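Please treat every number below as a calculation from the coordinates, not as lab data. Note that the structure is predicted; figures quoted are calculated from it, not measured. Quick reminder, even Gly has a Cβ in these numbers, built from the backbone with ideal geometry, and neighbours come from all protein chains shown.
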Amino acid sequence: MLKKRFFKTKDEVEVTFELDKNQWESIKIAGDFNDWQPEPMKLVKKSGQFKFKTRLPKEQHIQFRYLLDEVEWENDPQADA
């Protein structure tokens, strides 16, 4: 799931990527915004979700995938089309 926070005075948006832990021990995110270099997502124990936050240009369309336990790639089924 993606959450976006827009700023009135900046041409950027804060994007928070969230994915439920389920059975995964680690989740990384890779996309065109980080040159497809997988970056670890932080596990928030209270919510049981992995999260990753970044700021991107407001009108930029991005592509990304999650890397689950270093072996399986997954798309976000709730991502904007």
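Matching residues to (1) β-branched (Val, Ile, Thr); (2) more than 23 Å from Arg5 (Cβ to Cβ):
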site: Gln23; (1), (2): no, yes
site: Lys28; (1), (2): no, no
site: Gly48; (1), (2): no, no
site: Thr54; (1), (2): yes, no
site: Arg65; (1), (2): no, no
site: Pro77; (1), (2): no, no
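Counting only strands (runs of 3 or more DSSP E) wholly contained in the chain, the ones carrying 1 or more residues that are aromatic (Phe, Trp, Tyr), within 11 Å of the chain's Cα centre (by Cα) and surrounded by 16 or more Cβ atoms within 10 Å (Cβ to Cβ) occupy 12-20, 49-57, 64-68.
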